[in-house]
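What follows is a single structure, written as structure tokens, with notes after it.
The values are calculated or read from the model by the stated rules, or taken from the named source; none is laboratory data. Every value quoted in this text rests on a predicted model; they were computed, and no experiment measured them. Every residue, glycine as well, gets a Cβ built from its backbone with ideal geometry; the counts of neighbours run over all protein chains shown. Surface areas here come from the heavy atoms of the whole protein model, side chains and all, with no ligands, DNA or RNA. Shrake-Rupley method; radii C 1.70, N 1.55, O 1.52, S 1.80 Å.
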Amino acid sequence: MGRNPLVMIIDQDSRSREEVQAMLTPARLAVVADCGYGIEAASLAEDTQPDLILISLEDPLPRAIQTIKAVRYIRPSAPVVAYSSVTELRVVRQAMQAGVKDILSSPLRAGELLAAIETAMVGSEEEEERDHPDHSRGRRKSAGTVLTVFGAKGGIGKTTIATNLAAAIARDSESSVLVIDLDTRFGDVAILLDVEPRHTVAELAAQVATLDRETFRSALIRHDSGAYVLPSPKHPKEWQRIEAEQIKELVRLAARMFDYVILDTPGAFNDIVGTAIQVATEVLVITSVDMASIKDTSFILDLLDAESFPDERLLLTVNHANGANTIRARDIERVLRKPTYWEIPHDSAVTLATQVGKPVVLAKPRSRAARSFTGLAEKITGTPAVVREESRGIIRRLIPALGKA
């Protein structure tokens, strides 16, 4: 190789990462990245191009295995050496099938680790030369899912949907999630989640050209559900100093750090909304069941179609904010000529949850609306939801959000 290998350490425990790095120092092995499981690991593997990957194989084990597969996809030429306190043959077999070259027992011993690294590197160089001389070409850029919550009219529940979806994904899956408030007029994400803004979208977007991952992460607020929050500015005038391109770069940075980035948008089409749609993996197009909302949604869908925006990325979501309305989803489908992706029922529990500053999925997890939001999160992530218990209106047991960023 002609130089000392570049090493990446993936471990949920920051103290453990420091201990492993200390073991590598005498061998002059340069650690170019260290992080936990998830999309950030794949992103850092893409950015730093390590020659060797060390990973802790601990709970949550499915997330650890997914991370191994992701970094192997990004860096197929880099051998992976795992260390674990788990001794089950099933887990060892899964790790080997995912591409791990060697598994060491925790706690690690420096001599054993360095010997395993040397063996893995020699074997990898031989395999690379023999079987994959050009395998490093054409790597895929790695990023999480960007989900833009958009509606052509205000007051149709976009922020309620964005916050409940973020809370449900964070609580019920092993995925990291960030909700960014891009509402340039009201910006109620922080209020609905009952968090106090420390830094805002406008502040970080203004410095995005020099913004690093640690500064970005330290500016975020972690909600009780496990979701992270980046609020909008308190004063709408602060948006005037921000360019749409800066928002685009900020979202791209976020998507390289989180499995899911949810963008809440205002009920008006402006440059920032256009950017939020442009960078989205998928767009939840929200409409209520009143005729004004349906008419505005029809106009926007026609506009996006004229701009050749892929129709399969537009997910029509009908929010029954008013229980008295008799218009049904199938009537809306006929008018908009588009199938409904999801339907959220009217539920007074949403209003009650808002009054106490909690997403309804946490305040009233067995309510109709909460079950609907949970189902929507399950459909988006592919992660089956777990039934929660509720007693006297207080959640008695929450599913721990493991493996968060």
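Across region 39-51, what is the number of residues that are open to solvent by 10 Å² or more (accessible area, probe 1.4 Å), in a loop (DSSP other than H, G, I, E, B) and touching a Lys or Arg at 6+ places or on another chain (Cβ under 8 Å)? Lay out the reasoning, then the answer.
To start, the set of residues in region 39-51 that are open to solvent by 10 Å² or more (accessible area, probe 1.4 Å) comprises 39-40, 44, 46-49, 51.
Next cut, in a loop (DSSP other than H, G, I, E, B) only: 49, 51.
In the following step, the residues that additionally are touching a Lys or Arg at 6+ places or on another chain (Cβ under 8 Å) were identified as 49.
Residues that pass the stated criteria total 1.
Is there a residue being in contact (Cβ under 8 Å) with a residue 40 or more places away in the chain and out of contact with any Gly (no Cβ under 9 Å at 6 or more places or on another chain) anywhere in region 297-313? Explain how you work it out, then say what you get.
Within region 297-313, the first condition is being in contact (Cβ under 8 Å) with a residue 40 or more places away in the chain, and the residues that meet it are 297, 299-300.
Next, only the ones that are out of contact with any Gly (no Cβ under 9 Å at 6 or more places or on another chain) stay: 299.
Within region 297-313 (the criterion being in contact (Cβ under 8 Å) with a residue 40 or more places away in the chain and out of contact with any Gly (no Cβ under 9 Å at 6 or more places or on another chain)), the answer is yes, since at least one residue qualifies.
Confirm whether E214 is part of a helix (DSSP H, G or I) and farther than 19 Å from G187 by Cα. Show your work before the answer.
Working: part of a helix (DSSP H, G or I): yes; farther than 19 Å from G187 by Cα: yes.
It is true that E214 is part of a helix (DSSP H, G or I) and farther than 19 Å from G187 by Cα.
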List the number of the failed condition for A170; all other conditions in (1) over 24 Å from T67 (Cβ atoms); (2) open to solvent by less than 70 Å² (accessible area, probe 1.4 Å) hold. (1)
Please name all residue pairs, on different chains or six or more residues apart, with Cβ atoms under 7 Å, provided the first residue is in region 101-112 and is farther than 16 Å from D11 by Cα and of a type in the set (F, W, Y) and the second residue is open to solvent by less than 70 Å² (accessible area, probe 1.4 Å) and in a loop (DSSP other than H, G, I, E, B). none
Only listed residue being surrounded by fewer than 20 Cβ atoms within 10 Å (Cβ to Cβ), among the small types (G, A, S) and in contact (Cβ under 8 Å) with a residue 24 or more places away in the chain, chosen from A27, A82, A22: A27
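Can you go through S293, S348 and tell me which one is polar (S, T, N, Q), out of contact with any Pro (no Cβ under 7 Å at 6 or more places or on another chain) and crowded, with 16+ Cβ neighbours inside 10 Å?
Values: S348 fails: crowded, with 16+ Cβ neighbours inside 10 Å.
Being polar (S, T, N, Q), out of contact with any Pro (no Cβ under 7 Å at 6 or more places or on another chain) and crowded, with 16+ Cβ neighbours inside 10 Å holds for just one of S293, S348, which is S293.
Return the only residue of A353, A363 being crowded, with 20+ Cβ neighbours inside 10 Å and within 23 Å of the chain's Cα centre (by Cα).
On the way: A353 fails: within 23 Å of the chain's Cα centre (by Cα).
A363 is the lone residue from the list that is crowded, with 20+ Cβ neighbours inside 10 Å and within 23 Å of the chain's Cα centre (by Cα).
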For region 117-152, which residues satisfy the criterion of being of a type in the set (A, V, I, L, M), at pLDDT 85 or above and out of contact with any Lys or Arg (no Cβ under 6 Å at 6 or more places or on another chain)? I117, M121, V146, L147, A152
Out of all the residues in region 226-242, which are open to solvent by less than 100 Å² (accessible area, probe 1.4 Å) and without any contact (Cβ under 8 Å) to a residue 40 or more places away in the chain? E238
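Output the residues belonging to region 192-211 that are open to solvent by less than 50 Å² (accessible area, probe 1.4 Å) and either within 20 Å of N270 (Cβ to Cβ) or not in a loop (DSSP other than H, G, I, E, B) (or both). Don't jump to the end; show me each part of the working.
Taking region 192-211 as the starting set, the residues that turn out to be open to solvent by less than 50 Å² (accessible area, probe 1.4 Å) are 192-193, 195, 197, 200-202, 204-205, 208, 211.
Result: L192, T200, V201, A202, L204, A205, V208.
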Among the residues of region 295-303, are any at pLDDT 90 or above and in a strand (DSSP E or B)? no
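Looking only at residues in region 1-19 that are open to solvent by 60 Å² or more (accessible area, probe 1.4 Å) and more than 30 Å from L89 (Cβ to Cβ), which one is modelled with the lowest pLDDT?
Looking only at region 1-19, we keep the residues that are open to solvent by 60 Å² or more (accessible area, probe 1.4 Å), and these are 1-4, 12-15, 18-19.
Still in the list and also more than 30 Å from L89 (Cβ to Cβ): 1-4, 18.
Values: M1: 46, G2: 51, R3: 64, N4: 77, E18: 95.
Filtering first and then ranking leaves M1.
Every residue, every condition in (1) modelled with pLDDT under 95; (2) assigned to a loop (DSSP other than H, G, I, E, B); (3) open to solvent by less than 30 Å² (accessible area, probe 1.4 Å); (4) over 16 Å from V20 (Cβ atoms), yes or no:
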{"residue": "T87", "(1), (2), (3), (4)": "yes, yes, no, yes"}
{"residue": "R90", "(1), (2), (3), (4)": "yes, no, no, yes"}
{"residue": "P107", "(1), (2), (3), (4)": "yes, yes, no, no"}
{"residue": "A115", "(1), (2), (3), (4)": "yes, no, no, no"}
Count of residues meeting criterion [under 21 Å from T340 (Cβ atoms) and either open to solvent by 40 Å² or more (accessible area, probe 1.4 Å) or in a helix (DSSP H, G or I) (or both)] in region 243-290: 4
Going by the structure shown, is T184 polar (S, T, N, Q), in contact with an Asp or Glu (Cβ under 9 Å, 6 or more places away or on another chain), within 15 Å of A276 (Cα to Cα) and crowded, with 19+ Cβ neighbours inside 10 Å? no
Members of region 349-373 that are hydroxyl-bearing (S, T, Y) and closer than 23 Å to I332 by Cα: S372
State the number of residues belonging to region 348-387 that are out of contact with any Phe, Trp or Tyr (no Cβ under 6 Å at 6 or more places or on another chain), in a helix (DSSP H, G or I) and not β-branched (V, I, T). 17
Filter result for R15 (among the basic types (K, R) and more than 26 Å from the chain's Cα centre (by Cα)): no
